[in-house]
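The values are calculated or read from the model by the stated rules, or taken from the named source; none is laboratory data. Everything numeric here is computed off the predicted structure, so don't read it as measured data. Positions of Cβ are generated from backbone atoms using ideal geometry, with glycine treated the same way; all protein chains shown enter the neighbour counts. In case anyone asks, the SASA skips ligands and DNA or RNA and just uses the protein heavy atoms, side chains included. Shrake-Rupley method; radii C 1.70, N 1.55, O 1.52, S 1.80 Å.
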Amino acid sequence: MSEQSRRPRKPYRRPKKDPVRVLAFDALRAVDERDAYANLVLPPLLRKAREKGDFDTRDAALATELVYGTLRRQGTYDAVLEACVDRPLREVDPPVLDVLSLGVHQLLGTRIPSHAAVSATVELARVVLGDGRAKFVNAVLRKVAQDDLDGWLERVAPPYDEDAEDHLAVVHSHPRWVVSALWDSLGGGRAGIEDLLEADNERPEVTLVARPGRATTEELLREEAAVPGRWSPYAVRLTEGGEPGAVDAVREGRAGVQDEGSQLVALALANAPLEGPDKRWLDGCAGPGGKAALLAALAAERGALLVASEKQPHRAGLVAKALDGNPGPYQVITADGTRPPWRAGSFDRVLVDVPCTGLGALRRRPEARWRRRPEDLDGFAPVQRALLTTALESVRVGGVVGYATCSPHLAETRAVVDDVLKQHRDTELIDARPLLADVPALGDGPDVQLWPHLHGTDAMYLALIRRTA
């Protein structure tokens, strides 16, 4: 008998299940397998973990950071992994890649000590992948741990002077085509694009809206770590990532979660100067109901009616829920805004927040940057133009239309407005900037583009158009 055969084997040790990392892995798998959004998947997972007694507040914060941090930095981490894996990443099983990405984020994007990050991730791999693949995870992460983030970026990102867009794409974890599009929208300059890309990778604050006639900012400001909004008189920010569902006014529907950029769009339309009566308002793309709820409350203060139209029945249901309890008259209908059931010229004010790529909300939906493709623009373009055309036909002479997108891509903003207005000579652009009087850096007008790095909002776009004949 050999010396090796006489040596006693180490007893098998069951992997220790870490609820925080298992939950983060489950969330990433849902995002990958079902094209789910983390902001929809994560809350119910966290709620279930709390109900089981597995989680406290610190656990929930770590799980949230692991999921969002991994998704935001996916492009950077993939570049690092490509340097550490002996085959193309597309040949690595997606669950293994998710575990590796979680490990890389802990190593390069958090303050977790390297030995703890590797150990915890290998233990996760044993639980969710098995011992064999856990060895692969261990080997790869030990290579990653040999350098910090700055060191890896020096190695994997091309020099800025050789390929500026690719450099920014790797360093700031955005697809190259998105970097190019955002840069065009900003109008050039390295500092601005770097500030924007960095802002896209920061965790956004939770912003609430006090719906007029139903809640007040004073009420919301009594919440822990609540501070006033920067620009909207109805906004309150929860600076420490508070739980909106714990706020009474939110739970009762008297307030909601709504980015300040979205609030500003609704306020600008509501306050745009009109010629003639101001009794009938339309939200032509109302789902899921945030802007409609604010518009309905503002309309109620003036004795006006809001019609909230939404094409998708389930989203129309969300609109009805958001408007339930509004202090004034309103109507929710399920209708296609490009083939409306109402008569032309029926409304005094019309808002169309059109379907778009969502490139303005990458802070909140980081996975969207990896799902979208340049060709998606071609799919949205006809709908955007059709909705704006219908909106202009739906407003009376002297009335105002607001065209809004949660994307700063020029193909979804100015190109749409310019194209449609060429076909509608009986219109004029209104300078939207005076309606956002306290907001700085609004550009040359007459339209408005908000930015995360300049305004702390999503990158909302707004053009206001008056029907003149």
Taking the range 153-169 on its own, how many of its residues are surrounded by fewer than 22 Cβ atoms within 10 Å (Cβ to Cβ) and either within 26 Å of the chain's Cα centre (by Cα) or in contact (Cβ under 8 Å) with a residue 40 or more places away in the chain (or both)? 8
Considering each of Val118, Val122, Val96, Val127 in turn, give the residue that is surrounded by 17 or more Cβ atoms within 10 Å (Cβ to Cβ), within 27 Å of the chain's Cα centre (by Cα) and of a type outside the set (Asp, Glu). Val96
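Let's see how each residue does on (1) surrounded by fewer than 24 Cβ atoms within 10 Å (Cβ to Cβ); (2) at pLDDT 95 or above; (3) in contact with a Leu (Cβ under 6 Å, 6 or more places away or on another chain):
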{"site": "Lys52", "(1), (2), (3)": "yes, no, no"}
{"site": "Thr57", "(1), (2), (3)": "yes, no, no"}
{"site": "Thr70", "(1), (2), (3)": "no, yes, yes"}
{"site": "Tyr77", "(1), (2), (3)": "no, yes, no"}
{"site": "Ala83", "(1), (2), (3)": "yes, yes, no"}
{"site": "Arg87", "(1), (2), (3)": "yes, no, no"}
{"site": "Val92", "(1), (2), (3)": "yes, yes, no"}
Is there any pair linking a residue in the range 341-357 that is over 11 Å from Gln384 (Cβ atoms) to one that is of a type in the set (Asp, Glu) and at pLDDT 95 or above, with Cβ under 9 Å and at least six apart or on different chains, and which? Ala344/Glu393; Gly345/Glu393; Asp348/Asp278; Arg349/Asp278; Val350/Asp283; Leu351/Asp283
Would you point out the residue of the range 318-335, among those that are outside any loop (DSSP other than H, G, I, E, B) and small (Gly, Ala, Ser), that is farthest from Thr216 (Cα to Cα)? Ala320
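For Val401, indicate whether it is in contact (Cβ under 8 Å) with a residue 60 or more places away in the chain, assigned to a strand (DSSP E or B) and in contact with a strand residue (DSSP E or B) (Cβ under 8 Å, 6 or more places away or on another chain). Explain how you work it out, then say what you get.
Numbers: in contact (Cβ under 8 Å) with a residue 60 or more places away in the chain: yes; assigned to a strand (DSSP E or B): yes; in contact with a strand residue (DSSP E or B) (Cβ under 8 Å, 6 or more places away or on another chain): yes.
Yes, satisfied.
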Looking at the range 308-323, is at least one residue touching a residue at least 40 places away in the same chain (Cβ under 8 Å), out of contact with any Pro (no Cβ under 8 Å at 6 or more places or on another chain) and under 25 Å from Ala432 (Cβ atoms)? no
Quick test for you: out of Arg176, Arg142, pick the one residue that is out of contact with any Cys (no Cβ under 7 Å at 6 or more places or on another chain) and farther than 30 Å from Leu377 by Cα. Arg142
Give the residue that is nearest to the chain's Cα centre (by Cα), with candidates limited to residues of the range 394-444 that are open to solvent by less than 20 Å² (accessible area, probe 1.4 Å) and among the small types (Gly, Ala, Ser). Ser407
Starting from the range 407-434, take each residue that is within 23 Å of Ala368 (Cβ to Cβ) and list its partners that are part of a loop (DSSP other than H, G, I, E, B), counting only C-beta distances under 6 angstrom and pairs at least six apart or across chains. Ser407/Cys356; Ser407/Thr357; Pro408/Ala459; Glu412/Cys356
Take the range 232-245 and flag every residue that is in contact (Cβ under 8 Å) with a residue 12 or more places away in the chain and more than 20 Å from Ala293 (Cα to Cα). Leu238, Thr239, Glu240, Gly241, Gly242
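Take Ser185 and decide whether it is hydroxyl-bearing (Ser, Thr, Tyr), surrounded by 16 or more Cβ atoms within 10 Å (Cβ to Cβ), at pLDDT 95 or above and within 28 Å of Lys291 (Cα to Cα).
Values: hydroxyl-bearing (Ser, Thr, Tyr): yes; surrounded by 16 or more Cβ atoms within 10 Å (Cβ to Cβ): yes; at pLDDT 95 or above: yes; within 28 Å of Lys291 (Cα to Cα): yes.
Here the answer is yes, as Ser185 does meet what is asked.
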The condition from (1) touching a Gly at 6+ places or on another chain (Cβ under 7 Å); (2) on the phi > 0 side of the Ramachandran plot that Gly213 misses is numbered (1)
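Do we find that Gly229 is in contact (Cβ under 8 Å) with a residue 60 or more places away in the chain, under 23 Å from Leu436 (Cβ atoms) and small (Gly, Ala, Ser) in this structure? Walk me through how you get there before you give the answer.
Values: in contact (Cβ under 8 Å) with a residue 60 or more places away in the chain: no; under 23 Å from Leu436 (Cβ atoms): yes; small (Gly, Ala, Ser): yes.
The answer is no for Gly229.
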Given (1) part of a loop (DSSP other than H, G, I, E, B); (2) surrounded by fewer than 22 Cβ atoms within 10 Å (Cβ to Cβ), where does Arg315 come up short, assuming only one miss? (1)
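Does Thr334 meet the test of being under 30 Å from Asp278 (Cβ atoms) and either among the charged types (D, E, K, R) or free of Cβ contacts under 8 Å to residues at least 40 places away in the same chain (or both)?
Working: under 30 Å from Asp278 (Cβ atoms): yes; either among the charged types (D, E, K, R) or free of Cβ contacts under 8 Å to residues at least 40 places away in the same chain (or both): yes.
Considered against the rule, which asks whether it is under 30 Å from Asp278 (Cβ atoms) and either among the charged types (D, E, K, R) or free of Cβ contacts under 8 Å to residues at least 40 places away in the same chain (or both), Thr334 comes out as yes.
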Just name the residue that is farthest from the chain's Cα centre (by Cα) out of those in the range 445-467 that are under 27 Å from Glu198 (Cα atoms), of a type in the set (A, V, I, L, M) and not in a loop (DSSP other than H, G, I, E, B). Ala463
